[in-house]
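K.L.:
Take a look at the following structure, please.
Each value in this text was obtained by applying a stated rule to the coordinates, not by laboratory testing. On a predicted model such as this, the values are computed, not experimentally measured, just so you know. Neighbour counts are summed over all protein chains in view; Cβ atoms, including those assigned to glycine, are modelled from backbone coordinates with ideal geometry.
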Amino acid sequence: MLKIAKENLNALYAAISAKMPLIMPIKRAGQVNYGPWSESEEASIETLKTVKSPKDAFFPQSENMMKFKTDGKVLEVIDVRKAEQPFVLFGVKACDYKAIEVLDKVFLADPVDTYYKAKREAGIVITLACSKPEESCFCSVFGVDAAAPAGDVSTWLDGEYLYWQANTEKGEALTADLSALFAEGGEDAVAAQQSATRAIMQALPYAALDLSRFKPENLNDLFNDGAWTELSEACLGCGTCTFVCPTCQCFDIRDFKTSEGVLRYRCWDSCMYSDFTLMAHGNSRNTQMQRFRQRFMHKLVYFPSQNDGMYSCVGCGRCVNKCPQNLNIVKVIKTLGGKKND
């Protein structure tokens, strides 16, 4: 294990940035989100939760896909993609890294999403362990260890040092390039922090959420449970939960006419919107209750049943913090999870 003094972190960021783009938590206008680092930016890796997750690095909120030009009956399709250059994504928490693994299940399964794949292969992910989880965190419910994040490089931060451990070939290559900045040591400090973080996680209010009912064999009982109506009554359909969620992967594809032809792009969409998957004949989910139910059934039942038990929630707690009506996945789990089947 390696370490670097906390006061030398800007030198680390500069050294990485000199080799390739560095994307990390940046504070702007009082909000912290992932963005490109430069010496003029205020890095904020100690922020527990960025407003949006780092999934934007691999699955951008808006992304150009191709262009079309017509000349009479001749249609020309123009690939607008550029070769993805290596970049570093720094400061990713354990829950957000688990969310990237969820997205991998979606976008890297056949048929492979080549736009996502190119960015995923170019990215080097440096994770950062949590040392001060907060009350809205419940990643441990979904098997995430906030004290031991995965990634190409895992790091831990305390009052004196950032501790660094390479896990993959990508991580080892980056570490070798930065070796002059590091000193040896840190195992004892990391072990102590891990123990303290795990103790905090066990004491948090949502640590004992019961997922036992959310199984494929209970799909019909859960789908037809009358509690969905009451749970969804106050839902505004605003989509906030889906846009801050690190695992949501819904998107829309639009064509936009320009002076140089037609541009096709995709952008994030939300299953909570009334026009989501709207077709000429209408929509298969016509009420907010149906849309609300779809969102949580997908995360807790549909997705794990098709992906070896992996839930499409990582317990980051962003929806707990951001939903204006306090209608979040914790409330759903508490209401439906503890029920007994007749």
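K.L.:
Between N64 and K132, what FRET efficiency follows from the Cβ-Cβ distance if R0 is 41 Å, with the result rounded to 0.05?
P.N.:
0.55
K.L.:
Projected onto the charge dipole of the stretch 216-336 (+1 at Lys/Arg Cβ, -1 at Asp/Glu Cβ, origin at the Cα centre), which of V320, S305, N286 gives the Cα projection farthest towards the positive end?
P.N.:
The residue sitting farthest along the positive end of the dipole is V320.
K.L.:
Figure the gain on full extension for D71 and T258 (residue separation times 0.36 nm, minus the Cα-Cα span) and round it to one decimal in nm.
P.N.:
Roughly 65.8 nm would be gained on extension.
K.L.:
Could I ask something else about it? Taking θ as phi - 60°, what are the ³J(HN,Hα) couplings along the stretch 48-53 by the Karplus curve (6.51, -1.76, 1.60), each to the nearest whole Hz, with x for Gly and Pro?
P.N.:
In residue order, the calculated couplings are 5, 10, 5, 4, 9, 7 Hz.
K.L.:
Taking the chain as a whole, which cysteines find no other cysteine Cβ under 4.7 angstrom from their Cβ?
P.N.:
Lone cysteines by the Cβ rule: C130, C137, C235, C238, C250, C267, C271, C313, C323.
K.L.:
So how much slack lies between A208 and A11, counting 0.36 nm per residue of separation and subtracting their Cα-Cα distance, in nm?
P.N.:
Answer, rounded to one decimal: 66.8 nm.
K.L.:
Taking the Cα centre of the chain as origin, work out the dipole magnitude from +1 charges on Lys and Arg Cβ and -1 charges on Asp and Glu Cβ, in debye rounded to 20.
P.N.:
Taking the Cα centre of the chain as origin, the dipole is about 1020 debye.
K.L.:
Taking the Cα atoms of the stretch 2-203 alone, what are Rg (to one decimal) and Dmax (as a whole number) in Å?
P.N.:
18.8, 71
K.L.:
Just to be sure I understand: with springs between alpha-carbon atoms less than 10 Å apart, which residue in L89, L178, L22 has the highest mean-square fluctuation in the Gaussian network model of the chain?
P.N.:
Comparing L89, L178, L22 in a Gaussian network model of the chain, the most mobile one is L178.
K.L.:
Straight-line reach from K98: which aspartates and glutamates have a Cα under 14 Å away, not including same-chain ones fewer than 8 places off?
P.N.:
D145, D152
K.L.:
For the modelled label position 7 Å from the Cα of V51 along Cα-to-Cβ, which residues of the stretch 298-325 have backbone nitrogen atoms closer than 18 Å?
P.N.:
It comes to 317-325, nothing else.
K.L.:
Quick one: length gained pulling K331 to D308 fully straight, 0.36 nm per residue minus the C-alpha distance?
P.N.:
5.8 nm
K.L.:
While we're here: So if R0 is 56 Å, what FRET efficiency would N286 and A191 give, r being the distance between their Cβ atoms, rounded to the nearest 0.05?
P.N.:
Once rounded, the FRET efficiency stands at 0.55.
K.L.:
Looking only at K69, K132, K170, which one moves most when the chain is put into a Gaussian network model with springs between Cα atoms under 10 Å?
P.N.:
Looking only at K69, K132, K170, the largest GNM fluctuation is found for K69.
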